[in-house]
Amino acid sequence: MQTNSRRSMVAGNWKMNGDKALVKQMQNVLAEVSLDNMDAVICPPFPFLGLFADNIKLGAQNMSQFDSGAHTGEVSVSILKEFGCSYIIIGHSERREDNFESDDVVAIKVEKALNAGLTPILCFGEPEKIREDGSLFSYIAAQLDAVLQQVGIAQFANIVLAYEPIWAIGTGKTASPEQAQEVHAFVRGHLAKLDSDIAANIVILYGGSVKGSNAEELFSQEDVDGGLIGGASLNPEDFLSICQAANQ
Ligand code: PEP
């Protein structure tokens with residue numbers, strides 16, 4: 001088996017939730033523990049980014065596909081960098097759906113984030129009907145291939161992947177550890193056709209109704225390196241217990 005240097009990671013995606021009080025609570029809870037074997041990342045709504053202390057790793061939930069200028073309501077990667085972001089969630093299924101973000105737009109955003117020196121957390125995953133009709137792997141391969149074509153395999157050394165089956169997001173219906181492992185192993189195999197070293201070392205998170213009670217089992221799968229957490233990241237104690245599950 002190929003050795004790897006993957007470090008566990010848990011990213012909390014607050015989505016359009018939270019308040020200033022939660023920023024403080026989360027900081028206090030994370031300050032009380034040492035999580036030496038993993039990276040904990042908070043991805044709050046944009047206005048809260050500037051409120052976090054420097055010792056918290058931050059991610060944005062989105063970025064503009066443009067660099068600057070007349071794009072009302074958008075936030076550029078350089079602004080996010082100035083506000084302390086080191087990660088950016090790109091291609092979340094809610095943005096693909098609510099904002100009609102295509103694979104091509106996702107690929108452009110990934111390239112811009114990489115050029116700015118930030119780490120994209122590239123989300124991909126299937127709706128339930130795709131899993132049912134048997135086209136799961138070709139669907140996922142196409143989502144990844146759009147980005148591979150844009151940035152090339154070498155840049156995947158600087159990307160974190162997040163497998164998020166749409167049917168498991170915010171539904172309480174978690175993928176089983178075996179279902180998650182199957183897709184993560186497929187993704188590693190898909191990338192290994194281009195570069196086995198990058199495939200072995202890329203961090204692949206699982207997202208979809210992860211909680212303190214199921215995190216350990218999910219994260220113990222060979223190819224699951226941590227989680228992208230929605231609902232449970234809004235409760236600092238729950239988020240902490242998920243981080244602790246990844247810290248082992
Ligand atoms: C998400 O939206 O990225 C997510 C995984 O949400 P939840 O944990 O609430 O399913």
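Kindly check whether there is at least one residue in region 87-109 that is among the polar types (S, T, N, Q), closer than 25 Å to ILE202 by Cβ, part of a helix (DSSP H, G or I) and modelled with pLDDT of 95 or more. Explain how you work it out, then say what you get.
As a first pass, look at region 87-109 and keep what is among the polar types (S, T, N, Q): 93, 99, 102.
Now restrict to residues that are closer than 25 Å to ILE202 by Cβ: 93, 102.
Restricting the remaining residues to those that are part of a helix (DSSP H, G or I) gives 93.
Still in the running and modelled with pLDDT of 95 or more: 93.
Yes, because at least one residue in region 87-109 is among the polar types (S, T, N, Q), closer than 25 Å to ILE202 by Cβ, part of a helix (DSSP H, G or I) and modelled with pLDDT of 95 or more.
Give just the number: which of (1) within 15 Å of the ligand (Cβ to nearest atom); (2) part of a helix (DSSP H, G or I); (3) touching a residue at least 12 places away in the same chain (Cβ under 8 Å) does SER213 not satisfy? Tallying (1) within 15 Å of the ligand (Cβ to nearest atom); (2) part of a helix (DSSP H, G or I); (3) touching a residue at least 12 places away in the same chain (Cβ under 8 Å), SER213 fails exactly one: (3).
Scan GLY18, GLY12, GLY59, GLY91 and give me the residue that is on the phi > 0 side of the Ramachandran plot, under 19 Å from the mean Cα position of the chain (by Cα), surrounded by 20 or more Cβ atoms within 10 Å (Cβ to Cβ) and within 16 Å of the ligand (Cβ to nearest atom).
Exactly one residue qualifies, and that residue is GLY91.
Taken over region 213-236, the criterion of being under 20 Å from THR171 (Cα atoms), among the β-branched types (Val, Ile, Thr) and out of contact with any Asp or Glu (no Cβ under 9 Å at 6 or more places or on another chain) is satisfied by no residue. Looking only at residues that are closer than 19 Å to ALA185 by Cβ, away from the ligand (no atom under 11 Å from the Cβ) and not aliphatic (A, V, I, L, M) in region 217-248, which one is nearest to the chain's Cα centre (by Cα)? It comes out as GLY226. For region 118-137, the set of residues classified as surrounded by fewer than 18 Cβ atoms within 10 Å (Cβ to Cβ) and either on the phi > 0 side of the Ramachandran plot or of a type outside the set (Gly, Ala, Ser) (or both) consists of PRO127, GLU128, LYS129, GLU132, ASP133, GLY134, PHE137, listed by residue number. Among residues of region 165-176 that are within 14 Å of GLU132 (Cβ to Cβ), those with a beta-carbon under 6 Å from a residue that is more than 9 Å from the ligand (Cβ to nearest atom) and in a helix (DSSP H, G or I) at least six positions away or on a different chain give the pairs TRP167/GLU128.
The values are calculated or read from the model by the stated rules, or taken from the named source; none is laboratory data. Small disclaimer: the values here were computed from a predicted structure and weren't measured. Reconstructed Cβ throughout: ideal geometry from the backbone, glycine too, with neighbour counts over all protein chains shown.
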